[in-house]
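The values are calculated or read from the model by the stated rules, or taken from the named source; none is laboratory data. These figures come from a predicted structure and were not determined experimentally. Note that we place each Cβ from the backbone using ideal geometry, even for glycine, and neighbour counts take in every protein chain shown. What goes into the accessible areas is simple: the full protein's heavy atoms, side chains included, and nothing from ligands, DNA or RNA. Shrake-Rupley method; radii C 1.70, N 1.55, O 1.52, S 1.80 Å.
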Amino acid sequence: MSELLELTVAQAVARIAAGDISRAEYFETWREAAGGDDLNAYLWRAEDGVGEVEGPLAGIPVAVKDIFCTEGVETTAASRILEGYRPPYTATAVRRLAEAGAGVLGKTNMDEFAMGSSNENSAFGPVRNPWDRERVPGGSSGGSAAVVGGGLAPCAIGTDTGGSIRQPASLCGIVGLKPTYGAISRYGMIAFASSLDQCGPLTRDVTDAALLLAALQGRDPCDSTSVGIEGGVAAPSREDLAGLRFAVPAELGHDAIEPGVRAVFEATLKRIEGLGGEIAEVPLPHAEHGISAYYVIAPAEASSNLARYDGVRYGTRAEAGDVIEMYETTRAEGFGEEVKRRIMLGTYALSSGYYDAYYGRAQKVRTKIAEDYAAAFAEFDFVVTPTSPSVAFRLGEKTDDPLAMYMNDFFTVPMSLAGIPAISIPAGLAEPEGGGPQLPVGFQIAAAAFAEQRLLNAAYALEQAIGFEARPGDGDG
Ligand code: GLN
């Protein structure tokens, strides 16, 4: 394997800037690596596209979740209904990367319209976990996590509505950051649940996450909810955690956590203390209702956002006798099962007569959750949890049980509802329940809104102390 594939993004940037390697050589090396995709992680790969612009990401190839519009390049959100859709414009996030000198390496597979936690809801087949091909990479940004974890891209971007960057990052042994709502423009990012959707980086380490975030963040006149991060984002640098206070939710729901995951979580708390950080329990009494509120709010917004796919404006159109039949057949054939489930749930929750009982109530729960965090951050710098209750599970293990699938998001959904930033970093390996080779476990750190720099600095210090070096394949044989 080329040693260029071993470099982090920050290291590659330095080597390219020093003239040690050319942009074209670096891009081509990654293009060849991506060509070896045996995980079904890419839906499209670039023929060329090395960026010409000078900037902090000069020459860096980035894998882009297929939910970001890319001008002239098919963009499907892994749905049949968008097959053949070539957007006339590029998403702001992708444009910002290009302006920083990066180039698109490929478009990655995902759960259809970002609905899922295992990537099994893709219309183009599931993605496989680079650590164990019989297991899921997590979702919905499973393709983006698998290409970085599996050595098919140096870095990627994805979207997180309720955990879709953090959970797959955790299951693939990489870093995933969901920034504060509003930090990065959503323009050109195909909408799932607009009040929750947020773009973010999936990278090998925390430094690379900061590097990408620095390029991605910022106000955008095309998205009135975007504000950017005041003062920008710098490379993280912190050696210890002295004087920082970390809160563990008192209602952590220990029963739901796999023993191996719990062991890594507890060992990581010890490391935090070893670095001088303080740990205490904090009540977050409403967090456990996060899943219930999320699975009303997200489907409600989705049912509205997905009304635009009618066979007239985008992608595929079914043949039919009249226009109503055409709408119905297009939607019946174009959407997958999970997407239809959510459209029905959301439409029901928003229907007059039920609106207050479901949607209105879920919004109140959301406010309570946000208030819990605000109270916690008055006293603490960070809230920490495992990212996912389990390591990567087997393909097909949860597909017949939507509720079991939704529980994957138990630890990640509350931060999305509160709009606050959270990062998952690899913290160790654990055996899956039922035995088998060891798999990565993620550790989640959440911070107050727009405290990304503090979050990255702390995650960096912890990352150095953990020294996670394992790679897929290490445990084989
Ligand atoms: N797994 C969650 C869902 O299915 C979260 C998805 C996401 O963050 N896009 O909705």
Where in the range 356-422 are there helices (runs of 4 or more DSSP H), lying wholly inside it, with at least 2 residues that are open to solvent by 20 Å² or more (accessible area, probe 1.4 Å) and within 30 Å of residue 126 (Cβ to Cβ)? 402-406
For the range 73-97, give me each residue that is buried (at least 24 other Cβ atoms within 10 Å of the Cβ) and in a loop (DSSP other than H, G, I, E, B). 75, 76, 77, 78, 79, 91
When the residues of the range 290-315 are filtered to those that are away from the ligand (no atom under 16 Å from the Cβ) and buried (at least 17 other Cβ atoms within 10 Å of the Cβ), which remaining residue is farthest from residue 266 (Cα to Cα)? 311
Looking only at strands (runs of 3 or more DSSP E) that lie completely in the range 150-251, which have at least 1 residues being closer than 28 Å to residue 128 by Cα, acidic (Asp, Glu) and open to solvent by less than 30 Å² (accessible area, probe 1.4 Å)? 155-160
Out of the residues in the range 176-199 meeting the condition of being among the polar types (S, T, N, Q) and under 25 Å from residue 8 (Cα atoms), tell me which one is farthest from the ligand (Cβ to nearest atom). 180
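Each row is one residue, and each column tells you yes or no for (1) away from the ligand (no atom under 13 Å from the Cβ); (2) within 22 Å of residue 90 (Cβ to Cβ); (3) in contact with a Cys (Cβ under 6 Å, 6 or more places away or on another chain).
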{"site": "110", "(1), (2), (3)": "no, yes, no"}
{"site": "122", "(1), (2), (3)": "no, no, no"}
{"site": "134", "(1), (2), (3)": "yes, no, no"}
{"site": "150", "(1), (2), (3)": "yes, no, no"}
{"site": "158", "(1), (2), (3)": "no, yes, no"}
{"site": "174", "(1), (2), (3)": "yes, no, no"}
Can you pull out the residues in the range 54-83 that are out of contact with any Phe, Trp or Tyr (no Cβ under 9 Å at 6 or more places or on another chain) and either over 11 Å from residue 190 (Cβ atoms) or of a type in the set (A, V, I, L, M) (or both)? 54, 55, 56, 57, 58, 62, 64, 72, 83
Inspect the range 425-432 for any residue being assigned to a loop (DSSP other than H, G, I, E, B), within 21 Å of residue 159 (Cβ to Cβ) and of a type outside the set (Val, Ile, Thr) and give the result as yes or no. no
The one condition in (1) surrounded by fewer than 18 Cβ atoms within 10 Å (Cβ to Cβ); (2) assigned to a helix (DSSP H, G or I) that residue 280 fails to fulfil: (2)
Expected output for the range 156-180 (first residue hydroxyl-bearing (Ser, Thr, Tyr), partner part of a strand (DSSP E or B) and within 13 Å of the ligand (Cβ to nearest atom), Cβ below 7 Å, 6+ apart or cross-chain) is 159/65; 159/189; 159/198; 159/199; 164/158; 170/424
So, first residue closer than 13 Å to residue 303 by Cα in the range 348-364, second residue among the β-branched types (Val, Ile, Thr), Cβ within less than 8 Å, six or more apart or across chains; the pairs are 349/296; 359/296; 359/297
Single match in 269, 252 (criterion: at pLDDT below 95 and farther than 30 Å from residue 337 by Cα): 252
